[in-house]
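The structure appears right after this line, and notes come after that.
Values in this text are rule-based calculations from the coordinates and carry no lab data. Keep in mind that this is a model prediction, so the values were computed, not measured. Heads up, the Cβs are rebuilt from the backbone with ideal geometry, glycines too, and the neighbour counts pull from every protein chain shown.
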Amino acid sequence: MNAKQKRWRNRIIVALILFVLVYLIAESGWLASQLGHPGALYAEFALFLVPYLIAGYDVLVKAARGIMRGNAMDESFLMTVATVGAFALVLFPDTEPHMAEGAAVMLFYQVGELFQSYAVGKSRKSIADMMDIAPEFANIMVDSELTQVDPFEVSPGDEIIVKPGERIPLDGVVVQGASQVDTAALTGESVPRQARENDEVISGCVNLTGALTVRVTKPFEDSTVSRILELVENASEKKARTENFITRFARYYTPVVVGVAVLLALIPPVVLGGGWADWIQRGLVFLVVSCPCALVISVPLSFFGGIGGASRVGILVKGSNYLEALAQVDTVVFDKTGTLTNGTFAVTAVETAGALTREELLDLAAHAEAYSNHPIAASVRTAYGSALDHARVEDVEEVSGHGVRATVDGQEVLVGNGKLMRAHGVTWEENAVAGTVLYVAKGGAYAGCIVIADELKEDAAAAIAALHEAGVRRTVMLTGDRADVARAVASDLSIDEFHAELLPQGKVEQVERLLEANAGASAKAKLAFVGDGINDAPVLTRADVGIAMGAMGSDAAIEAADVVLMDDRPSQIARAIRVARKTMRIVRQNIAFALGVKFAVLILAAFGIANMWMAVFADVGVAVLAILNAMRAMSVKKL
């Protein structure tokens, strides 16, 4: 609780104590015995006015400012009119005094507002905890001395030193040292990760045990920590349909109920004659009950809490509209490489055809792949194991979904799949082994093949099982890899459907087909696509919900996605869906509860059955209960 909230709380406590004392004095009959009637009534009016003003002077000021600015239709205006009206009933001697109810309405309204402020503050704190990952400085060597500089001043290629206990300020690769790295702030993982030479490290993590020298790979504005902060800051701007509906509902609802309350207070006495105090009281009760704060507060708070709770475990949702869509997902489509598999390829076999030896075949393939950033190309270069002579390589052309064509030692070399061989008229020998097969051709003649395998992620099978358990109807895998490799992965993971040997455009076409099928089955059913590569960006954009692997995913994929999983674990998808569904359940509960109680008491108020105390519960009580319910959305357990 901050200083402002503490002062607010203390003011309410003072007002509450005074209210209780005045109420006991009024009920004891001492005022009546000392002052008689109507002196006791006016004394009671003055005494109850003290706790009323202590508790609610700011509400009165806010209402007055709203009237002067032409924006009066808010809860402060409703509370002011209702409570001032309750005190004004003292002008009708033939009715019971209602100063106590007027003071109580203002007092308990302020209790509800304080509670709301605390709840929102707690939710914001869970977001603020994420904002603490922003590094304040980076250590660089200047004239043999370690100097602290602003992370914005460090450029890619510079080397920074991260001491034990410091936060890693920029993304990079470890060039010296070994340490344990705490990634909990980003991924929600409680177990530290090992960082050694040549390992990638991401900004925002805390270096725990040993000093690390890191070569920076990205400027600060493109670093992981900057992207996360931007996602979190912008999340509140994208409202869900439910949230937008509540905003529009409150905008029209408030002036309507004010009008109804005025008509309820004026028309019956004019038509029926007399009874002004009774009908004015009914109108005032109607006003108190009608205040829509339970809806206006609890629904956005539920979404805010869901987004904040998910961020604490490494699931970043870019807006409440995506959280709402995620709750309706019944089809999850996966890219294979880097999503269900580790994307760490290794050469498992080299088969030659013709006069080339195994070493010569690897030499040709590694040089042809010299400029490629694809993980498969990196694995070929790793298997080659020697320094590349770039002077031997010319005219490199990377053909998406096919492979690479390059001129090596003056001869055309092709390295890729069967489609690449077919496109260049090369006759090759099909290899049926399970794995990614790169066929190699030199000078138009088939020279052999290289078999590369990619391991499944540890939790991939558990992720698919968890999705089905969460109610996802269908899981689909799309890949550019060979059909036999895709079939083996789909079988191992119990994936319902797979499509192999797809170009990026082919993945988009398959997602379009699945979206049409979903639309035919149910208007509410949503499709989520999960990917991590640059070529996944178009599909992530086209899906109802795009989910990107954030820690090692490409910038393009993270930018295009609606949800980012910071720890790259596919099991987090089911968790994200559960968080979204829990949030939507809480939203629906609050809407049904708030509207149900309000409409019931509004009807009772119109018939004169509900009194001001019942109105207090229907407004403040319902709001407090709805806020308590909304706060459950913030609770997401860490693994």
Fill in: the stretch 472-489, subset under 22 Å from Gln572 (Cβ atoms) and not β-branched (Val, Ile, Thr), residue surrounded by the fewest Cβ atoms within 10 Å (Cβ to Cβ)
Arg473
Response to the item:
Per the filter on the stretch 490-509, residues of a type in the set (D, E, K, R), surrounded by 15 or more Cβ atoms within 10 Å (Cβ to Cβ) and not in a helix (DSSP H, G or I) are Asp496, Glu501
Discussion item. Of the residues Asp395, Asp409, only one is under 47 Å from the mean Cα position of the chain (by Cα) and touching a residue at least 12 places away in the same chain (Cβ under 8 Å); which?
Written reply: Asp395
Discussion item. Whether any residue in the stretch 343-357 is surrounded by fewer than 16 Cβ atoms within 10 Å (Cβ to Cβ), within 29 Å of Val539 (Cα to Cα) and touching a His at 6+ places or on another chain (Cβ under 9 Å) is what I want to check.
Written reply: no
Worksheet item: Inside the stretch 1-30, can you point out the residues that are under 16 Å from Gly112 (Cα atoms) and outside any helix (DSSP H, G or I)?
Response: Met1
Worksheet item: When the stretch 140-162 is examined, which residues are found to be under 19 Å from Ile202 (Cβ atoms) and either among the hydroxyl-bearing types (Ser, Thr, Tyr) or more than 32 Å from the chain's Cα centre (by Cα) (or both)?
Response: Ile140, Ser155, Gly157, Asp158, Glu159, Ile161
Discussion item. In contact with a helix residue (DSSP H, G or I) (Cβ under 9 Å, 6 or more places away or on another chain), over 30 Å from Ala355 (Cα atoms) and without any contact (Cβ under 8 Å) to a residue 60 or more places away in the chain: is that true of Ala461 in this structure?
Written reply: yes
Discussion item. Looking at the stretch 295-313, can you tell me whether even one residue there is under 29 Å from Gly480 (Cβ atoms) and either in contact (Cβ under 8 Å) with a residue 24 or more places away in the chain or surrounded by fewer than 23 Cβ atoms within 10 Å (Cβ to Cβ) (or both)?
Written reply: no
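Of these, Ala310, Ala366, which one is assigned to a helix (DSSP H, G or I) and under 25 Å from Pro504 (Cα atoms)? If you could, list the steps in order and put the result at the bottom.
Numbers: Ala310 fails: under 25 Å from Pro504 (Cα atoms).
Every option except Ala366 fails the conditions.
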